[in-house]
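To start, the structure itself, in structure tokens.
The values are calculated or read from the model by the stated rules, or taken from the named source; none is laboratory data. Quick caveat: nothing in here was measured; it's all calculated off a predicted structure. So basically every Cβ, Gly included, is an ideal-geometry build from the backbone, and we count neighbours across all protein chains shown.
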């Protein structure tokens, strides 16, 4: 683990509270921002232009060459499992919707190892931006996205889809820890390039503010489709070069 990632993890460990209060407020702030933005339906706009600024290049080493994008998949296959090999994650995926306040509901705290997918949005692998959320921790132990901030550009994320039995393989192109103050939801969750199949993984990050009972930042991992396969196997694909 790099010094940068070690510092991030150490800060989170040091500031983690022992009371369950954060379970509601920590993730609620994250999904509220996401939900309010989703209410505008930007996440399903598969033909939108890139977000303002070169957000896809943020945090990416200038010398790193990433693979070309694979053409988006067709069909309505839903995600069954999320795999992140470098983190040892093999997590079931459950459908989530928006509550009455327009916030995306995360998985229940009784299932901290489960990832939530916004089912009214884009299917992972299809053109547009698919959105997944998960808890960073519980009152007793780390949750599914506890180490999400340690991912780096070039890492692999796989989503096993039902119905067609295909695996969509994504390559991480940036990892952002975005402070709560001045948060720009469109820059965080909007499409990086039109026509691509993209994926966002979101959780709480930064340190825990004991005064406001919330985390100070969001971790947003951005990735794009670079290959497909059957089951747990993936193919390289020729890509579209987009």
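A quick yes/no check of all residues on (1) closer than 15 Å to residue 222 by Cβ; (2) part of a loop (DSSP other than H, G, I, E, B); (3) touching a helix residue (DSSP H, G or I) at 6+ places or on another chain (Cβ under 9 Å):
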site: 72; (1), (2), (3): no, yes, no
site: 95; (1), (2), (3): no, no, no
site: 113; (1), (2), (3): no, yes, no
site: 139; (1), (2), (3): no, yes, yes
Look through 186, 192 and report the one residue that is touching a residue at least 12 places away in the same chain (Cβ under 8 Å), over 22 Å from residue 107 (Cα atoms), touching a strand residue (DSSP E or B) at 6+ places or on another chain (Cβ under 7 Å) and not in a strand (DSSP E or B).
192
What's the number of the condition residue 173 fails, among (1) touching a helix residue (DSSP H, G or I) at 6+ places or on another chain (Cβ under 8 Å); (2) outside any strand (DSSP E or B); (3) within 28 Å of residue 75 (Cα to Cα)?
(2)
Would a scan of the stretch 185-196 turn up a residue that is over 14 Å from residue 127 (Cα atoms), buried (at least 18 other Cβ atoms within 10 Å of the Cβ), under 17 Å from the mean Cα position of the chain (by Cα) and at pLDDT 90 or above?
no
Scan of the stretch 115-137 for residues that are in contact with a strand residue (DSSP E or B) (Cβ under 6 Å, 6 or more places away or on another chain), under 21 Å from residue 206 (Cβ atoms) and part of a strand (DSSP E or B), ordered by number
115, 116, 131, 132, 133
Quick one: count up the residues across the stretch 208-225 that are more than 24 Å from residue 119 (Cβ to Cβ) and modelled with pLDDT of 85 or more.
1
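Being modelled with pLDDT of 90 or more and farther than 22 Å from residue 77 by Cβ narrows it down to one of 160, 148, so name that one.
148
If a residue must be under 15 Å from residue 71 (Cα atoms) and outside any strand (DSSP E or B), how many such residues does the stretch 195-228 contain?
2
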